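One structure is given here, and the rest of the page talks about it.
The values are calculated or read from the model by the stated rules, or taken from the named source; none is laboratory data. These numbers were taken from a predicted model, which means no experiment stands behind them. Heads up, the Cβs are rebuilt from the backbone with ideal geometry, glycines too, and the neighbour counts pull from every protein chain shown. SASA here: full protein model, heavy atoms, side chains in, ligands and nucleic acids out. Shrake-Rupley method; radii C 1.70, N 1.55, O 1.52, S 1.80 Å.
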Amino acid sequence: MSTQGVMQGVTMAYVKTIGIVNNGDNGRGFANPHDVVVSRDGRIFVLNRCDPARATAIRVGICNLDEEYLGEFGNGFGEGDGQFGLPVAMALGSQERLYVTDEYLHRVSIFNTSDGTFMGKWGVMGSGDGQVNGPAGIAIDDDDNVYIADQNNHRIQKFTTDGQYVSQWGEKGAGSGQFNMPWGLCAAGGHVYVADWRNDRVQKFTGDGTYVAAFGSSGDGDGQFSRPSGVAVDADGNIYVADWGNERIQVLGPDGSFQQRLRGQATLSKWAEAFFAVNPDEQGTREVADLTPSLPPHLETPYQISSQVEPYFWGPASVTVDADNRLYVAETNRHRLQIYQRV
Amino acid sequence: MSNQDFALLAHLMRRAGFGATRDELEAYAAQGYTATVDELLNPGDPEVMPDDLIRRYHVDQSELRQLDGAGANWLYRMVTTRCPLEEKIALFWHGLFATGYSKLNQARALLNQIDMFRRHGLGRFDALLVELSKDPAMLLWLDNTDNHKGAINENYGRELLELFSMGIGNYTEEDIKECSRAFTGWTLGNAEYMAMRASKDSIWPYSRIAWHFQYRDWDHDEGQKTFLGETGNFNGEDIIGIIARQQATARFVSMRLFQFFAADDVDSDGEQVIEAMMQSYFDSGYEIRAALRTLFLSEYFMSEKARYARVKGPVELLVGAIRQAGSYRAPTLGVHQLAYQGFFMGQGLLQPPSVEGWHEGMEWIDSGSLVERVNFVAQELSSLDKPGVRAIIDRLAAENGGVLTPEQLVDQCLDLLGPVAVEDDTRTALVDFAAAGGGALNLSGHQPGDATEQRVSNVLRIIASTREYQLA
């Protein structure tokens, strides 16, 4: 039965913010978080992309919804096992494995989620079958098929968890089933959703790459996108899109119908509150500050506005949904997660 | 097209831009000198490296929390722009209205200031000064956030007159006070919180919050003020209106433009050009564009006398070499090292040594900076994998069947790297060096990186090391 035209009525309510900027040291806090995934036991894995000039901060951090910092793994910037160049995205597979793509080293690194042990890596740079150029988004379906957004080859490739090539689809272009620098991926309900970044749309495929639908067009209106970077899908098929260039999240129904847009409303995390507890002078001046000011007209792009308005999303690169319909938004430029609940 | 035409356009592009490749020079030559000047002065779409690609690849340049990423971000723009004067004039104002990271701890505010220079840097000087006076980085840099009704802070008022517009000797201490009174209430949004974060270099909890201008009318001194002999209830805009119509301002601005774009030293011929620029400044309603047009079309600027009359600033040198080599055309890991490179040569972008900016001319050169300058340029221009170097080799190989005597090899390389005009002694030494590589060079059938290409690379490397290449 078609659900077309039926309003899903999806509404998201803000829950909380987790995070604080970590200035290059390891330990509690995030450094340009670029992706977030949540394990079945509720652990939140955060990919700290950071940058090579602050090499040691590149790592995966782990916390939980109660804002306890549980640890981290990954060995900073470098080409060695367990190290990263420019890590982009993560996916959880079966057997407690976490897969991390790296667009600089053109590979996938695999870690054990129970203790962070490095388990292996695969990937060869190139444009042939099974070769990758700037692997970005990664998704793993219930059958342990691994899908990779092969960014600079403008295609999706499908692998086994040990990196054996299975199939591919797509090429550079703006037609149905074509891509322009795809970024985020989600595998859900037998489908693969692609944040087709430079085409300003989300495309939906079957697991073998058959085109199903495309949602969105360039712009800042409802249902339009500017460089979407991440996509997540809940158990009911609702689609959550990190509308990166518009600095917002959009929620779509299963048929792609616009439901809601979120601009962000971050509050102080426990870690932030702890900071102000020992810096009362800053807290005092902050309390009388207007953190959502009106701005001069030349600061009118979403990006500029987000740089000025702290509660708003800024660099929302990735979204994920957990089993309880909580939405997690990783904000690269604000070093935090904003969490919403479907109500 | 004569070699003299190319030499003149190359000279213009070294001054109004960051040099030019032979392909670019040919395109400019086809439209002619005056049309090129007018195109430079009226920038269109710069077609710089797209911001989305930069921000996706370089998260540090998306957040712009750190100085190195911010400097690299500007360098990307300088390297890829098709409107080089837009960046060059921004660099000029950055040196004149020097605002630095060290006190602000806010790289984004500095880049926003640079962007303001792009928008207003070729337009009316009075409009530029109003924008400067509202610029968040400047407001904190020169303490106008502490300039209050009944309790003035003179820092901005003083530098506005001394360093930014008229120069010392053209106003009194009383004028400084009255000027400062007029700028009371010109501050930042959330000034107290932002000033505290800046002073503590605090990035917590969620990284830096960018700044914007705010006018607090309740903190503005509404009383009568007497400034440069005029009396009224002046606000900042009124003060700038008075400044802009001063003869001293026209002279100051024209002189600084001349020294940056024409020659480090001003002789009597240069003095005449400056007077003509001043006239253009007034005739046009204080347009910087008009003063510069007068300069670029002056006999003096177009004459041999103005050639190589300036020491390239480190950023000019760095960007010029990169543009010529054709590197950094796409987001590149490690680009932040370029920002450090400028610093090692004595010009760290967004961190001038003081409000007086950099000391230019021969002061760019000391033994340490010279080594950095020569090494960097030699490396860029001798790398056989760089697109710009490959283009030079392709042109050499296409001439005369690819067979070049040592003299031809040197002359062609000098030509394609500029044209660069060198002293006779220098040319002789270059030819001797090229000949030592083994007589005539035959590039027919050359392969990337082979011995013949290596000989070209060596000659390019040596030319990059000459005194003349260090001059603009």
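Quick look at the numbers
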{"item": "Single match in A:Asp281, A:Asp222 (criterion: among the acidic types (Asp, Glu) and away from chain B (no Cβ under 14 Å))", "result": "A:Asp222"}
{"item": "Number of positions in segment B:124-169 that are under 20 Å from B:Glu222 (Cβ atoms) and assigned to a loop (DSSP other than H, G, I, E, B)", "result": "6"}
{"item": "Selected residue [part of a loop (DSSP other than H, G, I, E, B), among the small types (Gly, Ala, Ser), open to solvent by 10 Å² or more (accessible area, probe 1.4 Å) and away from chain B (no Cβ under 11 Å)] from A:Ala289, A:Ala323", "result": "A:Ala323"}
{"item": "Within segment A:111-133, tally of residues that are open to solvent by less than 40 Å² (accessible area, probe 1.4 Å) and without any contact (Cβ under 8 Å) to a residue 40 or more places away in the chain", "result": "6"}
{"item": "Selection within segment A:292-320 - closer than 22 Å to A:Trp197 by Cα, within 11 Å of another protein chain (Cβ to nearest Cβ) and of a type in the set (Val, Ile, Thr)", "result": "A:Thr301, A:Ile305"}
{"item": "Strands (runs of 3 or more DSSP E) (entirely within segment A:7-98) containing at least 1 residues that are of a type in the set (Gly, Ala, Ser) and within 11 Å of chain B (Cβ to nearest Cβ)", "result": "A:12-19"}
{"item": "Residue satisfying condition, being open to solvent by less than 40 Å² (accessible area, probe 1.4 Å), in contact (Cβ under 8 Å) with a residue 60 or more places away in the chain and within 14 Å of another protein chain (Cβ to nearest Cβ), within set A:Gly253, A:Gly245, A:Gly207, A:Gly264", "result": "A:Gly264"}
{"item": "Answer from B:Asp45, B:Asp5 - the residue that is open to solvent by 10 Å² or more (accessible area, probe 1.4 Å), in contact with a helix residue (DSSP H, G or I) (Cβ under 6 Å, 6 or more places away or on another chain) and farther than 24 Å from A:Ile58 by Cβ", "result": "B:Asp5"}
{"item": "Selection count where residues are open to solvent by less than 10 Å² (accessible area, probe 1.4 Å) and in contact with a strand residue (DSSP E or B) (Cβ under 8 Å, 6 or more places away or on another chain), scope segment A:302-317", "result": "5"}
{"item": "Lone unmet requirement of (1) surrounded by fewer than 22 Cβ atoms within 10 Å (Cβ to Cβ); (2) under 29 Å from the mean Cα position of the chain (by Cα) for B:Asn235", "result": "(2)"}
{"item": "Test: residue in segment A:230-240 that is more than 19 Å from A:Ala91 (Cα to Cα), within 14 Å of chain B (Cβ to nearest Cβ), at pLDDT 95 or above and in a strand (DSSP E or B)", "result": "no"}
{"item": "Number of positions in segment B:378-413 that are buried (at least 22 other Cβ atoms within 10 Å of the Cβ) and without any contact (Cβ under 8 Å) to a residue 60 or more places away in the chain", "result": "4"}
{"item": "Check on A:Thr210, of a type in the set (Ser, Thr, Tyr) and within 23 Å of the chain's Cα centre (by Cα)", "result": "no"}
{"item": "Residues of segment A:210-224 satisfying the condition of being touching a strand residue (DSSP E or B) at 6+ places or on another chain (Cβ under 8 Å) and open to solvent by less than 50 Å² (accessible area, probe 1.4 Å)", "result": "A:Ala213, A:Ala214, A:Phe215, A:Gly216, A:Gly219, A:Gly223"}
